[in-house]
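A.B. asks: Got a structure for you, written out below as structure tokens; questions coming shortly.
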Amino acid sequence: MASAEKIVNELKKQGITHAVGVPDNGSARIYERLRTAPGIEVITVTREGEAFAIASGLYVGGKKPVIIIQNTGFLESGDAIRGTVVNMQVPVVVFIGYRGYHNRDKDGHWVDSVATFLEPTLKAWNLPYEMLETDSDVPCIASAFEQATETSLPTAVLLIGHATE
């Protein structure tokens, strides 16, 4: 599992000003560290779709937000993604907790259906993504920010498992 401290340190290097989303078990430690990080404001929302609208508004206002949600909320947010960050060409990085990734039956099939739909949905919406599972994957965060900036579109970082201390 990746260290929340290393993830947050990389987010600081990227100059984020806000973290917007819905904390879950996988991202809880990341949110804890972000709440104490100077210069970063954490905004929690009641529905994941709100995170995309708020992040878009922050971007238009000259800020640099990151969105942190779980895959179930990402799938619920389709119209907010289309209608805000994609249509407005907001280069935001979206951390998506990949719930169910390691939960497979004896034949290798996902037990939690949300894991089945995440990557095909990202591909169907033409949204690039990176996988972050261990500390050695942390450099993918910088790559995601570069890609979002180059394309003026959202880029995802898929969080595999729970972030550790």
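Nothing in this text is a laboratory measurement; each read-out follows from the coordinates by a stated rule. Nothing here was measured: the structure is a model prediction, and the numbers come from that model. Glycine also receives a Cβ, built like all others from the backbone with ideal geometry; neighbour counts cover every protein chain displayed.
A.B. asks: Got a sec? How would SER27, SER152 order by Cβ neighbour count within 10 Å, fewest to most?
C.D. replies: SER152, SER27
A.B. asks: A further question follows. For ASP79 and THR134, compute 0.36 nm times the residue count separating them, minus their Cα-Cα distance, and round to one decimal in nm.
C.D. replies: 16.7 nm
A.B. asks: Of the listed values [x] 26.8, 97; [y] 14.6, 50; [z] 14.6, 42, grab the one calculated as Rg and Dmax of the Cα atoms in Å from the structure here.
C.D. replies: Derived directly from the coordinates: [y].
A.B. asks: Counting other C-beta atoms within 10 Å, and keeping those with at most 16, which DSSP coil chymotrypsin sites (Phe, Trp or Tyr not before Pro) do you find in the stretch 72-141?
C.D. replies: TRP125
A.B. asks: Okay, moving on. What whole number of Å gives the distance from the Cα centroid of the stretch 1-57 to the Cα centroid of the stretch 93-165?
C.D. replies: Here the two parts' Cα centres lie 16 Å apart.
A.B. asks: Using amide H atoms built 1.01 Å from N in the peptide plane, name the residues 5+ places from ALA156, or on other chains, whose amide H lies under 5 Å from its own.
C.D. replies: Under 5 Å from the amide H of ALA156 lie the amide H atoms of VAL94, TYR129, GLU130, each far enough along the sequence or on another chain.
A.B. asks: Another question, then. For LYS13, go through the lysines and keep the ones whose alpha-carbon is under 17 Å away, minus same-chain ones fewer than eight residues off.
C.D. replies: List returned: LYS63, LYS64.
A.B. asks: Continuing with the same structure: Between rounded, prolate and oblate, where does the stretch 67-165 land on the alpha carbon gyration tensor, with a ≥ b ≥ c its root eigenvalues, rounded for a/c under 1.5, else prolate if a/b exceeds b/c?
C.D. replies: Judged from the Cα gyration tensor, the stretch 67-165 comes out oblate (a/c at least 1.5, b/c at or above a/b).
A.B. asks: May I pose another question? Can you tell me the relative contact order of the stretch 4-159? Whole percent, Cα pairs under 8 Å, sequence separation 6 or more.
C.D. replies: Across the stretch 4-159, relative contact order equals 23 percent.
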